[in-house]
Amino acid sequence: MKILHTSDWHLGHTLYNYDRTEEQMAMLLQMVNIVREEKPDVFLLCGDVYHTPQPSASVQTMFTNALVEIHDANPDMTIVITAGNHDSGTKHDIFRTPWKALKVYTIGSIDANNKEDLIIEIPGQGYVIAVPYVNERNMPDGFFQSLLDIVAERNKANLPIVMTAHTTVSGCDFAGHENASEYVVGGIDSHSLEDMGTGYDYLALGHIHHAQFVRGGNHRVRYSGTPIPVSFDENYQHSVSI
């Protein structure tokens with residue numbers, strides 16, 4: 001299963017009142033071209049699609065138009081989008097049904113009593129467990145492992161299992177984030193890798209802007225980072241992960 005892993009687009013972000021629409025549109029065009037060239041089976045956008053929970057109509061239009069173009073660049077690809085802490089989970093959930101016509105799955109929130117909505121089977125390729133940002137107080141104990149156990153039970157062909165999360169994982173490099181520490185980054189308390197459970201082949205993370213494999217994850221736990229800088233402190237390379 002070939003994956004394009006990206007996160008933290010922060011569409012609608014302005015820098016010291018400077019409108020960044022032009023460069024954000026250029027980034028989206030690059031994203032379309034990468035999909036056309038790489039032909040991934042799955043496109044993962046792991047949170048913080050928007051910079052604010054209430055993006056303007058023009059910013060939402062920019063995103064939806066780009067999403068259709070990304071789909072058209074590789075119609076066989078499954079697109080999975082999860083909400084981040086900057087997003088409104090409700091906005092992602094509202095259009096969940098119509099987006100499925102384009103093989104787009106938008107996940108804004110969790111329902112501990114309906115975990116099936118978070119499990120997406122890629123026929124013949126594998127499984128994606130799509131977990132959006134969840135406030136620590138609302139995350140049931142052992143939630144990640146419970147999802148992994150469900151997939152393990154049905155994964156008779158031993159296909160790859162990819163899980164997503166939008167959170168802070170201990171041991172990450174949080175360079176570029178203001179007022180961050182090893183315990184809290186961007187207002188999200190850190191989780192240990194043990195909290196994320198076992199049984200995934202790849203853990204696709206969002207929230208941290210510096211692209212990296214997380215220490216201790218044996219090159220199976222990765223932040224894709226943001227594709228364009230969100231602050232002047234992000235003086236490192238920006239990209240997507242394949």
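Structure summary
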| read-out | value |
| --- | --- |
| Those residues of segment 94-152 which are at pLDDT 95 or above and of a type in the set (Asp, Glu), in sequence order | 121, 149 |
| Test for residue 107: is it under 24 Å from residue 193 (Cβ atoms), in contact with a helix residue (DSSP H, G or I) (Cβ under 8 Å, 6 or more places away or on another chain), in contact (Cβ under 8 Å) with a residue 60 or more places away in the chain and surrounded by 16 or more Cβ atoms within 10 Å (Cβ to Cβ) | no |
| Filtered residue count, segment 1-15, keeping only those that are assigned to a loop (DSSP other than H, G, I, E, B) and either under 10 Å from the mean Cα position of the chain (by Cα) or closer than 15 Å to residue 39 by Cα (or both) | 5 |
| Single match in 64, 52, 82 (criterion: touching a strand residue (DSSP E or B) at 6+ places or on another chain (Cβ under 8 Å) and closer than 22 Å to residue 166 by Cβ) | 82 |
| Subset of segment 23-68 that is touching a helix residue (DSSP H, G or I) at 6+ places or on another chain (Cβ under 7 Å) and not in a helix (DSSP H, G or I) - its residue that is farthest from residue 1 (Cα to Cα) | 50 |
| Selection within segment 187-222 - outside any loop (DSSP other than H, G, I, E, B), at pLDDT below 95 and among the charged types (D, E, K, R) | 189, 194, 195 |
| Residue count for segment 191-207, restricted to those that are crowded, with 18+ Cβ neighbours inside 10 Å and either more than 20 Å from residue 9 (Cβ to Cβ) or aliphatic (A, V, I, L, M) (or both) | 8 |
| Residue within segment 164-186 that is outside any loop (DSSP other than H, G, I, E, B), modelled with pLDDT of 85 or more, surrounded by fewer than 18 Cβ atoms within 10 Å (Cβ to Cβ) and in contact with a strand residue (DSSP E or B) (Cβ under 9 Å, 6 or more places away or on another chain) present | yes |
| Neighbours by Cβ (under 6 Å, 6+ apart or cross-chain): first from segment 19-48, touching a residue at least 60 places away in the same chain (Cβ under 8 Å); second assigned to a loop (DSSP other than H, G, I, E, B) and of a type in the set (Lys, Arg) | 40/2; 41/2 |
| Residue that is surrounded by the most Cβ atoms within 10 Å (Cβ to Cβ) [pool: residues in segment 208-242 that are within 23 Å of residue 24 (Cβ to Cβ), over 18 Å from the mean Cα position of the chain (by Cα) and not aromatic (Phe, Trp, Tyr)] | 234 |
| Verdict on residue 71 being in contact with a Lys or Arg (Cβ under 8 Å, 6 or more places away or on another chain) and either touching a residue at least 60 places away in the same chain (Cβ under 8 Å) or part of a helix (DSSP H, G or I) (or both) | yes |
| Residue that is farthest from residue 60 (Cα to Cα) [pool: residues in segment 78-103 that are in a helix (DSSP H, G or I) and in contact with a Leu (Cβ under 9 Å, 6 or more places away or on another chain)] | 102 |
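The values are calculated or read from the model by the stated rules, or taken from the named source; none is laboratory data. Computed from a prediction, not measured in an experiment: that's the story for all the values here. Neighbour counts run over all protein chains shown; Cβ positions are idealised from the backbone, glycine included.
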